[in-house]
Amino acid sequence: MDVREKEIVLDCSKLEYISSSGLRIFLSIRKEAIVHGCKVIVRNMNTDIRQVFMMTGFISLFDIQE
Amino acid sequence: MTALDLHQQMILEEYRDSLPVLEQLKAKVLETLHETLDSSGLFVSAIEARVKKEKSLTGKLALKGAKYTRLADVTDLVGARVITFYTDDVDRIASIAEKLFDIDWDNSVDKRKLHQLDSFGYNSLHYICRMPGYDFRFELQLRTTLQHAWAAINHDNGYKSDIEIPHEYLRRMNRLAGMLEMADDEFSRIRIELTDYRRRVQTLVKNGKLDDVLLDGDTFRSYLQAGPLNTLNRRIAAINQAEIQETPLDNYLQVLKSLNCNTLGDVDRLIKCYEENAYLLARHQLGNTDLDIISSSIGLQNVCIVCILSKGGGMIGLERLFDTLNGQNAQNATLASMTYEQARTLPFMKC
């Protein structure tokens, strides 16, 4: 069994705005990652997008890094 | 090279010819065990199987060759092993095996029952089984992970029989076996007591005796099963006709404890006390957006935010909340500041 931790890094440095469709994409990636034993890391998320994640309650689902 | 007589060589030749069938039997046994244990909901540490190697069979024939008139007399050509976490699961799986396979009772051994009052050692249940449709029998070993660890280490001692083993080594290994047997029993007892505890908690939650239940991971999950946040979440979802995505709330346990919730009664009162303002905060935040998907954690998240702000926790309190929920992060301060600004005009902030 491969026990190395696999990570999917989503770089949001060029993401200025996020809609519900965008949130659904993030959730789909997370769901698929869990099935394959991967961890999702979100990097460089601007404050507006972070606030959308907070207002909808999804912020604690992701490992959000600077 | 071990010298075999003509008869033993014929058995060895029969073994070589039978290898494809033995491999097939091994695969079938593994498949049957996996399928049955999966569907029975029994979680085990490992299920493994092997076909006896030629070298091992040669050694066996040289040692006990006269005992075997034909290859099928060797009962462990295929060996399967189920390693369980708990001792009582050994008996459960034994009972399943009795239904799955024909057990050759004359050759099966429950080594756990062979122990003398003053001896410890290799504990394992060995069944000699026959899979319908196959001439060859196979050996099924059932043991716990601790029994397995002990047996594997003991097997690796470099000695071929008990007679050769130095007395001091044997004494110390037996001492360990006794200790592991006690540990196995204790693990089983803990599991039984935990199951009882969860059942008691579920009954107390069901009967509404929430003040009698201390807040911990288990009790919190039992409480959430009753859906105490469903109404609030549905009201928040209705703001934008949003879809509610189910998400775990485990990370709120620490938050609730920091808000002085010691029992489920405290949690219930906290939700009831702040749910209206939690809804107002959500309406204020989401009302002018088109976000039509929310997490099922939104209700509890807003209850915690409103509780902190109502008690004068301010931005520092919110930052601590986000640090607990999201992990420490420099942007949590910005998030706390933005949330504080959004909530500043709401009625509960003016009290």
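Report yes if B:D290 is more than 36 Å from the chain's Cα centre (by Cα) and among the charged types (D, E, K, R), otherwise no.
Yes, satisfied.
Of all residues being more than 15 Å from A:F53 (Cβ to Cβ) and free of Cβ contacts under 8 Å to residues at least 60 places away in the same chain in the range B:293-309, which is nearest to the other protein chains (Cβ to nearest Cβ)? Just the residue, please.
Looking at residues that are more than 15 Å from A:F53 (Cβ to Cβ) and free of Cβ contacts under 8 Å to residues at least 60 places away in the same chain, I get B:C304.
Rundown of residues vs (1) surrounded by 15 or more Cβ atoms within 10 Å (Cβ to Cβ); (2) modelled with pLDDT under 90; (3) not basic (K, R), yes/no style:
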{"residue": "B:D5", "(1), (2), (3)": "no, yes, yes"}
{"residue": "B:E13", "(1), (2), (3)": "no, no, yes"}
{"residue": "B:K52", "(1), (2), (3)": "yes, no, no"}
{"residue": "B:G59", "(1), (2), (3)": "no, yes, yes"}
{"residue": "B:L63", "(1), (2), (3)": "no, yes, yes"}
{"residue": "B:V78", "(1), (2), (3)": "yes, no, yes"}
{"residue": "B:R81", "(1), (2), (3)": "yes, no, no"}
{"residue": "B:R92", "(1), (2), (3)": "yes, no, no"}
{"residue": "B:D110", "(1), (2), (3)": "yes, yes, yes"}
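Inside the range B:310-327, can you point out the residues that are within 33 Å of the chain's Cα centre (by Cα), of a type in the set (A, V, I, L, M, F, W, C) and either crowded, with 21+ Cβ neighbours inside 10 Å or more than 11 Å from every other protein chain (Cβ to nearest Cβ) (or both)?
Residues satisfying the conditions are B:L321, B:F322.
Take B:Q331 and decide whether it is at pLDDT below 95 and within 9 Å of another protein chain (Cβ to nearest Cβ).
Yes.
Quick one: B:Y279 ticks every box in (1) under 23 Å from A:S19 (Cα atoms); (2) within 11 Å of another protein chain (Cβ to nearest Cβ) except a single one, so which number is it?
Just one mismatch for B:Y279, condition (2).
Quick one: B:N174 ticks every box in (1) touching a helix residue (DSSP H, G or I) at 6+ places or on another chain (Cβ under 9 Å); (2) surrounded by 14 or more Cβ atoms within 10 Å (Cβ to Cβ); (3) part of a helix (DSSP H, G or I) except a single one, so which number is it?
(1)
The values are calculated or read from the model by the stated rules, or taken from the named source; none is laboratory data. Owing to the predicted nature of the structure, the values given are computational and were not obtained by experimental measurement. FYI the Cβ positions are ideal-geometry reconstructions off the backbone, even for glycines, and counts take in every protein chain you see.
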